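**Student:** I have a structure I would like to understand better, so I am pasting it below and will then ask my questions one at a time.
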Amino acid sequence: MDPSQVDVPPMKDLTIDNITENVQKINSQCPDPRLKYLMERLVSHVHDFARETRLSHDEWMSAILFLTSVGQICSDVRQEFILLSDITGLSLLVDSIDHPKPPASTEGTVLGPFHTHDAHTEANGTLISHDPQGEPCLVLCTVKDTNGRPISGVKIDIWETDSSGRYDVQHADRKEPDGRAVMNSDDQGIFWFKAIVPVPYPIPHDGPVGKLLKLLKRHPYRPSHMHFMFEKPGYDHLITALYLRHDPYETSDAVFGVKESLLIDLYQTNAEQAQKYGVPEGTKLITYDFVLVSEEESRKLREQNAMQAMEAQGRRMKLYKGLPVPDLD
């Protein structure tokens, strides 16, 4: 690009004190107001971090090499960057901001790095885990809106580990999906299936994220849980999980995913349930009533929360495509 044909602010004699201002000037010509705002805040925070900590060249190079190694270990079945986002609490923070939940609706939590798109679509009552060592479990759930009305035709992604604490994709001899399925809620908003009781397990800690956890003297374990993801046009996308109460890692989840409203007790089926659902009496039982938020409810709450947060920071903002940008008018 010919410099004479571009209106670039002059940059000379850059110092610790003026480098941030100069970077902001050259980025300020971005035509997308949201991207421009994101870059403005990112540059400000990163530069302030370097100045505040007196970041050394060796430390910054170590960080670059660490991020490089995070990318290098990623594959079709392993997303180390998601893992890094999870263990820093950023995944949960972004989900909470982007998918706010009004009272009495089901809260979201982290997706984790092991969701896949190859799970089979199954009918109600299907056995989704074929691990002979797993403890059988019946899962009975409903899906409703915030007014208590059943929602039919909701696509529900479900996935859990086997009894050894590993997802199917962590097995080198994986031939087809197991411990996972896609289901749809029926006319009464009900979906149910047979699985195994969730167990605690470590997140992958043989890579750069695991080395970071070790340096921080943190364990890599997650409490026993089962993942769920809900999709239907008109409703806010929900990624969540159910966690077994009193798990030894309930209060120290490596990825900060546990919320009080998502803790559940493990029950046992009675004679009537056993006969109705075709399982032995006394089979472990998980029940939960999921409540979805409409896209309109979520949009209004997200925008309201955004403007309140900006006002608290003393910023004059407006909404652009539902997201805050500086109000320069």
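FYI, it's all coordinate maths here, none of it is from the lab. None of these values were measured; they are calculated from a predicted model. Cβ sites come from the backbone with ideal geometry, for glycine too, and all protein chains shown count toward neighbours.
**Student:** Just a yes or no: is a residue in the stretch 11-33 surrounded by 11 or more Cβ atoms within 10 Å (Cβ to Cβ), free of Cβ contacts under 8 Å to residues at least 12 places away in the same chain, β-branched (Val, Ile, Thr) and part of a loop (DSSP other than H, G, I, E, B)?
**Tutor:** No, the stretch 11-33 contains no residue that is surrounded by 11 or more Cβ atoms within 10 Å (Cβ to Cβ), free of Cβ contacts under 8 Å to residues at least 12 places away in the same chain, β-branched (Val, Ile, Thr) and part of a loop (DSSP other than H, G, I, E, B).
**Student:** Check residue 285 against each of (1) buried (at least 17 other Cβ atoms within 10 Å of the Cβ); (2) assigned to a helix (DSSP H, G or I); (3) in contact (Cβ under 8 Å) with a residue 12 or more places away in the chain and name the one condition it does not meet.
**Tutor:** It fails just one condition, (2).
**Student:** From the set of residues in the stretch 203-248 that are assigned to a helix (DSSP H, G or I) and aliphatic (A, V, I, L, M), which is farthest from residue 193 (Cα to Cα)? Lay out the reasoning, then the answer.
**Tutor:** Let us first name the residues in the stretch 203-248 that are assigned to a helix (DSSP H, G or I), namely 208-215.
With aliphatic (A, V, I, L, M) added as a condition, the list becomes 209, 212-213, 215.
Values: 209: 34, 212: 38, 213: 36, 215: 41 Å.
The extreme case among them is 215.
**Student:** Only one of 178, 157 is acidic (Asp, Glu) and either in contact with an Asp or Glu (Cβ under 7 Å, 6 or more places away or on another chain) or assigned to a loop (DSSP other than H, G, I, E, B) (or both); which? I'd like the intermediate steps shown before the answer.
**Tutor:** Numbers: 157 fails: either in contact with an Asp or Glu (Cβ under 7 Å, 6 or more places away or on another chain) or assigned to a loop (DSSP other than H, G, I, E, B) (or both).
Answer to the selection: 178.
Quick grid of which residues meet (1) under 22 Å from the mean Cα position of the chain (by Cα); (2) closer than 26 Å to residue 186 by Cβ:
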| position | (1), (2) |
| --- | --- |
| 229 | yes, yes |
| 234 | yes, yes |
| 264 | yes, yes |
| 269 | no, yes |
| 279 | no, yes |
| 283 | no, yes |
| 292 | yes, yes |
| 297 | yes, yes |
| 316 | no, no |
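**Student:** Can you tell me which residues in the stretch 65-99 are part of a loop (DSSP other than H, G, I, E, B) and either within 13 Å of the chain's Cα centre (by Cα) or of a type in the set (Gly, Ala, Ser) (or both)?
**Tutor:** Once the filter is applied, which keeps residues that are part of a loop (DSSP other than H, G, I, E, B) and either within 13 Å of the chain's Cα centre (by Cα) or of a type in the set (Gly, Ala, Ser) (or both), the stretch 65-99 yields 79, 88, 89, 99.
Conditions (1) loosely packed, with under 13 Cβ neighbours inside 10 Å; (2) more than 14 Å from residue 226 (Cβ to Cβ), marked per residue:
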| residue | (1), (2) |
| --- | --- |
| 69 | no, yes |
| 74 | no, yes |
| 92 | no, yes |
| 122 | no, yes |
| 135 | no, no |
| 149 | yes, yes |
